[in-house]
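Single-structure report; data block below.
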Amino acid sequence: MTAPAKKAASTLERDALAVLQPGFDGAEPPDWVLRRIGEGLESVAIFGRNVVSREQLARLTGRLRAERESLLVAVDEEGGDVTRVEVGEGSSFPGNYALGTVDDVDLTRSVAAELGRTLVACGIDHNWAPSADVNANPDNPVIGVRSFGADPKLVARHTAAYVEGLQSVGVAACTKHFPGHGDTAVDSHHAMPRIDVGLDTLATRDLLPFRAAIAAGTKSVMSAHILLPALDPDRPGTLSPRILTGLLREELGFDGVIVTDGIDMQAIDSAYGMAQGTVLAVAAGADAICVGGGPSDEGTVLRLRDALVAAVRGGELPEERLAEAAARVRALAGWTLGARGTTGPGAAVQEGTAPGTP
């Protein structure tokens, strides 16, 4: 008697997997990641624990893409203090504060392009950078030198240049942390920050760099786990329809992929739990759920997938919203695949062009 055939993933399950951007352990892809790619997983995240060398990382991403050529491979590679690809020795690229201090947008654009070439050579095509946060609070424990500076106009012009540089070589930028994490005294990895400023300050200070990034064509924007009562007194940015849909989509006109900051961070997990936070984020307008900085196992991925499926079936999350989110992730994967198809492995498209577009 033959074993029954494995049941194929449903469209709903495939869409739920498509919006997850999980990490995993080890320098080789686990079997469970390869299986889930076949079932609809459209992107994965690389962390320092996955990196031994650039050569090893290129082999790792190559093995992942053997399962799905269009797979998005994301990383948090800002340069300066935040590096994954060079986790063993420290980044060889200047961070945002150094670039903002020099204040040469051509240099910023060139540095971002060169960093992008490094990522392309390692098989990475989605970078959770740049930080567009205006460093308005000198006691900020999590942004600091990750910001270009305290002047919104300076931050705006360097954010735009960074986006242009990264994307000129086929790496999708992810401008963060919307709507601005610079005026906080709490690290959202550990608790929920609160920013008590008015709409005028948000518009003229915090939102200015995001407007510049959108005008520069940023392919994705990362949400912040911060409470801004002037915008939404009840829900943090990542879970707020007013902020993600009302402000980012409708007012600012962004039509790319909205990525959450790590859904396993305590600002969300301790108050809502990862599963409910995932459902609320997608319902609010997020398209991709970053997870894996902490829990990085198959069980976490399946729990989040199943929570999304149950939320649709229970009427908590419209099926069209989940399908829309999955479609945006697939479109971004198509953009980066177009860049690789145009340039070949490890190469870069001509600066100033938009890879994957006519």
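Which residue pairs have Cβ atoms under 8 Å apart, sit 6 or more places apart or on different chains, and have a first residue in the stretch 329-340 that is closer than 14 Å to Ser220 by Cα and a second that is open to solvent by less than 10 Å² (accessible area, probe 1.4 Å) and assigned to a helix (DSSP H, G or I)?
Short answer, once both residue conditions are applied: Val329/Ala18; Arg330/Ala18.
Confirm whether Ala215 is surrounded by fewer than 18 Cβ atoms within 10 Å (Cβ to Cβ), of a type in the set (A, V, I, L, M, F, W, C), more than 21 Å from Leu41 (Cβ to Cβ) and at pLDDT 95 or above.
Yes: the conditions hold for Ala215.
Does the stretch 37-63 hold any residues that are in a helix (DSSP H, G or I) and open to solvent by 30 Å² or more (accessible area, probe 1.4 Å), and which are they?
Gly38, Arg49, Arg54, Glu55, Ala58, Arg59, Gly62, Arg63 - these are the residues of the stretch 37-63 that are in a helix (DSSP H, G or I) and open to solvent by 30 Å² or more (accessible area, probe 1.4 Å).
Is there any pair with a first residue in the stretch 264-285 that is within 17 Å of Gly299 (Cβ to Cβ) and a second that is part of a loop (DSSP other than H, G, I, E, B) whose Cβ atoms are under 7 Å apart and which are 6 or more apart or on different chains, and what are they?
Asp264/Gly293; Asp264/Gly294; Asp264/Pro295; Met274/Ile263; Met274/Asp264; Gly277/Ile263; Thr278/Ile263
State the number of residues belonging to the stretch 84-110 that are in contact with a helix residue (DSSP H, G or I) (Cβ under 7 Å, 6 or more places away or on another chain) and either within 22 Å of His181 (Cβ to Cβ) or part of a loop (DSSP other than H, G, I, E, B) (or both).
12
For the stretch 221-237, give me each residue that is open to solvent by 10 Å² or more (accessible area, probe 1.4 Å) and either of a type in the set (Ser, Thr, Tyr) or in a loop (DSSP other than H, G, I, E, B) (or both).
Within the stretch 221-237, Pro229, Ala230, Leu231, Pro233, Asp234, Arg235 qualify.
Do you know which residues across the stretch 13-33 are farther than 25 Å from Ala283 by Cα and open to solvent by 10 Å² or more (accessible area, probe 1.4 Å)?
Within the stretch 13-33, Asp25, Gly26, Ala27, Glu28, Pro29, Pro30, Asp31, Trp32 meet the criteria.
Give the stretch 254-290 a look and list any residue that's among the acidic types (Asp, Glu), assigned to a loop (DSSP other than H, G, I, E, B) and more than 11 Å from the chain's Cα centre (by Cα), or say none.
Answer for the stretch 254-290, where residues must be among the acidic types (Asp, Glu), assigned to a loop (DSSP other than H, G, I, E, B) and more than 11 Å from the chain's Cα centre (by Cα): Asp255, Asp264.
Quick check on my filter: what residues within the stretch 147-176 are out of contact with any Ser or Thr (no Cβ under 8 Å at 6 or more places or on another chain), surrounded by fewer than 22 Cβ atoms within 10 Å (Cβ to Cβ) and outside any helix (DSSP H, G or I)?
Of everything in the stretch 147-176, those that are out of contact with any Ser or Thr (no Cβ under 8 Å at 6 or more places or on another chain), surrounded by fewer than 22 Cβ atoms within 10 Å (Cβ to Cβ) and outside any helix (DSSP H, G or I) turn out to be Ala150, Asp151.
The values are calculated or read from the model by the stated rules, or taken from the named source; none is laboratory data. Keep in mind that what you see is a predicted model, and the values were worked out from it rather than measured. Every residue, glycine as well, gets a Cβ built from its backbone with ideal geometry; the counts of neighbours run over all protein chains shown. In case anyone asks, the SASA skips ligands and DNA or RNA and just uses the protein heavy atoms, side chains included. Shrake-Rupley method; radii C 1.70, N 1.55, O 1.52, S 1.80 Å.
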